[in-house]
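These notes concern the structure reproduced below.
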Amino acid sequence: MGLRQSCLGGCRICLQGECDRSSSSVESGLQGDLGPFNPGLPVDVPVWLAINLKQRQKCRIVVPDWMDVEKLEQIKEQERKENTFTLMPNPHYMELTKLLLNHASDNIPKADEIRTLIKDTWDTRIAKLRLSADNFVNQQEVHAKLDNLTLMEINTIGTFLTESLNQMHRLRANLHPGEEAQSQDY
């Protein structure tokens, strides 16, 4: 992963104060330099760099468009109404929200409301995911649809689901001992 990339994507920042075009406005990393930056002009940078500059009080983080109370309320309501999973505004919405609220809450209007809305949406999605996993196991399905789930959400149910399927396989093998030779234990 390069200096300009991050597994969570990027953040828009706006440099604060006076910043000349010297080395102080260039950030160096293992794979190259990023900058120089012009004060007052928003620029997209990796999340880790945005947080680092914010901690050093060199920038203000510009909140992503989707991190808005009205938009998050709509997403929360849609998630509650739909049986399927709603497409989230960012595939790393939970991670980004947590990082930005922990390190730049002073740059985020209505930070507490946003924290609550994201948590409510997360709880709704995880409850829906658990119900889907239960149905998947009970109906002895072979394939599962994971449309619009984030990797973090899938990761929360992964261990439970694989253990449940392994246990079901063992139970079936005990009910039909002759078929065990034909199947594989995963």
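The values are calculated or read from the model by the stated rules, or taken from the named source; none is laboratory data. Here the structure is a predicted model, which is why all the values come from computation and not from measurement. Because the Cβ atoms are built from the backbone with ideal geometry, glycine has one as well, and the counts that use them run over all protein chains shown.
Show the residue pairs that are 6+ apart or on different chains and have beta-carbon atoms under 8 Å apart, the first residue being within the range 73-84 and at pLDDT below 95, the second being loosely packed, with under 12 Cβ neighbours inside 10 Å.
Qualifying pairs under 8 Å: Thr84/Asp147.
Which one of the conditions (1) at pLDDT 85 or above; (2) touching a helix residue (DSSP H, G or I) at 6+ places or on another chain (Cβ under 6 Å); (3) assigned to a loop (DSSP other than H, G, I, E, B) does Ile51 fail to meet, given that it meets all the rest?
(3)
So, Val26, is that one under 15 Å from Ile13 (Cβ atoms) and modelled with pLDDT under 85 or not?
Values: under 15 Å from Ile13 (Cβ atoms): yes; modelled with pLDDT under 85: yes.
In short, yes.
Would you confirm whether any residue within the range 137-157 is among the aliphatic types (A, V, I, L, M), closer than 28 Å to Val62 by Cβ and outside any loop (DSSP other than H, G, I, E, B)? Before you say what the answer is, go through the steps one by one.
Step one: list which residues in the range 137-157 are among the aliphatic types (A, V, I, L, M), which gives 137, 142, 144, 146, 149, 151-152, 154, 157.
When the remaining residues are screened for being closer than 28 Å to Val62 by Cβ, the result is 149, 151-152.
Applying the additional criterion that residues be outside any loop (DSSP other than H, G, I, E, B) yields 151-152.
Within the range 137-157, one or more residues are among the aliphatic types (A, V, I, L, M), closer than 28 Å to Val62 by Cβ and outside any loop (DSSP other than H, G, I, E, B).
Mind checking which residues of the range 111-134 are of a type in the set (Lys, Arg), surrounded by 15 or more Cβ atoms within 10 Å (Cβ to Cβ) and either in the same structural domain as Cys11 (by the TED database) or modelled with pLDDT of 95 or more (or both)? Reasoning before the result, please.
Kept after step one, since they are of a type in the set (Lys, Arg), are these residues of the range 111-134: 115, 119, 125, 128, 130.
If we keep only those that are surrounded by 15 or more Cβ atoms within 10 Å (Cβ to Cβ) too, we end up with 115, 125, 128.
Across the range 111-134, the qualifying residues are Arg115, Arg125.
Cβ-Cβ below 8 Å, separation at least six or inter-chain, first residue in the range 135-152 and surrounded by 11 or more Cβ atoms within 10 Å (Cβ to Cβ), second among the small types (Gly, Ala, Ser) and assigned to a loop (DSSP other than H, G, I, E, B): which pairs?
Within 8 Å, the pairs are Phe136/Ala144.
Taking Glu163 as the residue in question, decide whether it is modelled with pLDDT of 95 or more and assigned to a helix (DSSP H, G or I).
On the way: modelled with pLDDT of 95 or more: no; assigned to a helix (DSSP H, G or I): yes.
Answer is no for this residue.
Given the criteria under 30 Å from Arg60 (Cα atoms) and surrounded by fewer than 13 Cβ atoms within 10 Å (Cβ to Cβ), does Pro91 qualify? Give the derivation first.
Numbers: under 30 Å from Arg60 (Cα atoms): yes; surrounded by fewer than 13 Cβ atoms within 10 Å (Cβ to Cβ): no.
No; evaluated as a whole, the condition is false for this residue.
Just one of Glu70, Glu77, Glu95 is assigned by the TED database to the domain that holds Ser132, of a type in the set (Asp, Glu), in a helix (DSSP H, G or I) and under 18 Å from the mean Cα position of the chain (by Cα); which is it?
Working: Glu70 fails: under 18 Å from the mean Cα position of the chain (by Cα); Glu77 fails: under 18 Å from the mean Cα position of the chain (by Cα).
Going through Glu70, Glu77, Glu95 in turn, the sole match is Glu95.
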